[in-house]
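Data block below; observations after.
Any read-out appearing in this document is the output of simple, stated calculations on the displayed coordinates, not a laboratory observation. Values in this document were obtained by computation on a predicted structure and should not be read as measured data. Here the Cβ is made from the backbone with ideal geometry for all residues, glycine too, and neighbour counts use every protein chain on show.
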Amino acid sequence: MATISTTYLGDMLFETQVGRHTIKIDVPAAMGGTDRAPTPPEFFVASLGSCIAAFVAQYCERSAIDAQDLRVDISYDKANDPTRLVNLKATVHIPNGDCGDRVGAIERVAAHCPVHATINTMEALQIEIISKEDLVGQV
C-alpha cells in the first residue's frame, strides 16, 4: 500500500512528502493560514484536474490529436454543513486538436482518471488516531 505523509510545521503550515517531492500546504485564512501555499481543497481540485489532463493528453497522443496547449479547468463552489466542495465541473480545452467524432471518447477517458473514479466510488474513509499513550513501550 502506498503512503503519502503530511507533517505539521507549526503556524498552520504543513509539508507533504510525496516520494522524492515535498509540497507545502497552507490553510484558509479563517483557519489561521496566510496564503503561503495552496490549501488542501485546492490541491484536491488540482489533483482532479491534472489527472483528467493526463488521461486526455495520453488519449490525444495515441489518437493523433494535437494536445499542445491542452488545459483542464475545474470550477467548484464551497458549501457548509458539512464544509465541502460542490458543483465541480471539468472543462477540457484542446485548442489545437481536431476532435471530430472523438469528443464522446475523450469524455469517457476523462471520466476514467483514478481521482475521478475514486470520488465516484468512495464509500468511506477509515480514520485511525495514534496518540502518545499508544506509543508507550514502542521503540
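Counting only cysteine Cβ atoms and a cutoff under 4.7 Å, the chain contains unmatched residues CYS60, CYS99.
Pick from ALA124, ALA64, ALA30: which residue has the top mean-square fluctuation in a GNM of the chain where Cα pairs under 10 Å get a spring? Fluctuation is largest for ALA124.
Rounded to the nearest 10 degrees, the angle from helix 40-62 to the longest Cα principal axis of the chain is 30 degrees.
Full extension of the chain segment joining ILE130 with THR6 gains 43.2 nm, where the gain is 0.36 nm per residue of separation less the Cα-Cα distance.
Hey, any idea what the orientation-averaged projected area of the convex hull of the stretch 79-139's Cα atoms comes to, in nm²?
Details: hull surface 34.9 nm².
With the hull built on Cα positions only, its mean projection is 8.7 nm².
Scaled against the 2.2 N^0.38 Å expected of a compact globular protein of N residues, the Cα radius of gyration of the chain reads 1.32. At a Cα cut-off below 26 Å, give the lysines reachable from LYS89, other chains included and same-chain residues fewer than 8 away excluded. Cross-link targets: LYS24, LYS78. Ranking SER47, GLN126, ASN87 by how far each Cα lies toward the positive end of the dipole of the chain (charges on Cβ) leaves SER47 at the top.
Available extension along the chain between THR34 and ALA54 is 4.1 nm, counting 0.36 nm per residue and deducting the alpha carbon span. Taken as Cα centroids, the stretch 65-125 and the stretch 23-53 sit 18 Å apart, rounded to the nearest whole angstrom.
A crude spin-label estimate for the pair LYS24 and GLU61, with each label 7 Å from Cα along the Cβ direction, gives 3.1 nm.
Neighbour counts of other C-beta atoms within 10 Å: give me ILE65, ILE119, ILE130 arranged from fewest to most. Final ranking by Cβ density, sparse to dense: ILE130, ILE119, ILE65. Placing +1 on each Lys and Arg Cβ and -1 on each Asp and Glu Cβ, with no other charges, gives the chain a dipole about its Cα centre of roughly 160 debye.
May I ask you to compute the full-extension gain from ALA46 to ARG108, defined as 0.36 nm times their residue separation minus their alpha-carbon distance, rounded to one decimal in nm? If you can, show how the numbers build up before the last one.
Values: separation 62, 0.36 × 62 = 22.32 nm, distance 1.96 nm.
Computed gain between ALA46 and ARG108 is 20.4 nm.
For the chain, a Gaussian network of Cα nodes joined below 10 Å ranks ARG84, ARG102, ARG71 by mean-square fluctuation, and the top entry is ARG84.
Can you show me the helix-derived [θ] at 222 nm for the chain, built from DSSP H runs with n ≥ 4 at -39,500 (n - 2.57) apiece and divided by the number of residues, rounded to the nearest 500.
That comes out to -9500 deg cm²/dmol.
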